[in-house]
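So the structure is just underneath, and the comments pick up after that.
The values are calculated or read from the model by the stated rules, or taken from the named source; none is laboratory data. Bear in mind that the values here come from a model prediction, so they are computed numbers and not experimental data. Neighbour counts are summed over all protein chains in view; Cβ atoms, including those assigned to glycine, are modelled from backbone coordinates with ideal geometry. All accessible areas refer to the heavy atoms of the entire protein, side chains included, with ligands and DNA or RNA removed. Shrake-Rupley method; radii C 1.70, N 1.55, O 1.52, S 1.80 Å.
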Amino acid sequence: MELWEPESRCRRVQHYAASGSTLPWDRFSAWLECVCVVTFDLELGQAIELVYPHDVRLTEKEKTSICYLSFPDSYSGCLGDTQFSFRIRQSVGHKLSMNGEEEKYNRDAPVVLQWDRAHYYGFVYFRQVKDSTIKRGYFQKSLVLISRLPFVNLFCSLLQLVAPEYFEKLEPCLEAVCNEIDQWPAPVPGKTLSLPVMGVVIQVWIPSKNDKIGTSPLKQPNQENLLPAPMVIPTVNELDFFRCFQQILIHIQMVWELMLLGEPVIVMATSPTVSSDTVLALTSCIAPLKYYCDYRPYFTIHDNEFKEYTTRTQAPPNVVLGVTNPFFHQNLPALAAHFSSWRNQNVR
């Protein structure tokens, strides 16, 4: 197992916290762990082409998980641009202790938005287009943001700005964006932040645990007063529940009960976008309570926990899995049984 070396971020964070100084990538790491570029290699399959900042140390197990979860599987048939998210466990012995700023953030943030010390969240922008100059016939690449913060709306919006530009200009563009993020203020619950990137100002409000549910101080700006107008993101994490649940509204009370009780659930979807959005909506529907069981917005047969979740020698784990491969419907009867009354209404 590949662990953090003595001069890695773990020690650097402790050193800077003690000295009160700000290091390169200190502010960046308040938002993101790293940015990965995953490509398709004819000999290796999915492979990490680039990790930025370069000194970030991921274990081989984490790299493998990121590689497989950053591409839609062959059943999805995704052409063009596709966005989705995933969640993976950190490797044993590779968990960071929080510094003072991160501990303060967790004290003030709602429980559903707290920094996660045991998991990474991955936010993916995948592009697949025909390209006759490539032996395989297709350009296939993903830009992936890795974070410990579940800010799905913020990071997906950031990818919409950055990824198309990156695919044109490659590493120099990515380096410039990461340097801009390293100038952002730290996330502070209860505050509205302005986050400049690529000539656009993202305006985002991070809720505090003392805020009333459903409130946000952000409004669309008066474009006469702010030129260029900022990109306003009213909520860092809340999804459009109606869009996610519109095909299963008749079962919405059962869905809420399953989440509240921590029952195992499998979401069969036709794309990783629908899969991840639906799983995140499911685990969020009991807010302000936090869903404490495991959940995977997008899960494949190559996942490191695949054997753990498919064993027939024990009760089904308390997990919500979002999948697109029909294999799961055929081979996970213990989990699928919980959706037995939905089998003709799988999410599409």
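Close Lys pairs in the stretch 98-218 (alpha-carbon distance under 26 Å; sequence gap of 8 or more, or different chains): 9. Multiplying the residue separation of residue 211 and residue 131 by 0.36 nm and removing their Cα-Cα distance gives an extension gain of 23.8 nm.
Length gain on complete extension for the stretch residue 60 to residue 186, per 0.36 nm per residue less the alpha carbon to alpha carbon distance?
Details: separation 126, 0.36 × 126 = 45.36 nm, distance 2.93 nm.
The residue 60-residue 186 span can extend by a further 42.4 nm.
Within the accessible area of the stretch 248-304, the carbon and sulfur atoms contribute 64%, probe 1.4 Å, all protein chains present. Multiplying the residue separation of residue 292 and residue 305 by 0.36 nm and removing their Cα-Cα distance gives an extension gain of 2.9 nm. Approximating the spin labels as points 7 Å out from Cα along Cα→Cβ, the residue 198-to-residue 111 distance works out to 3.7 nm.
Within straight-line reach of residue 61, meaning a Cα separation under 19 Å, sit the following lysines at least 8 residues removed in sequence or on another chain: 95, 307.
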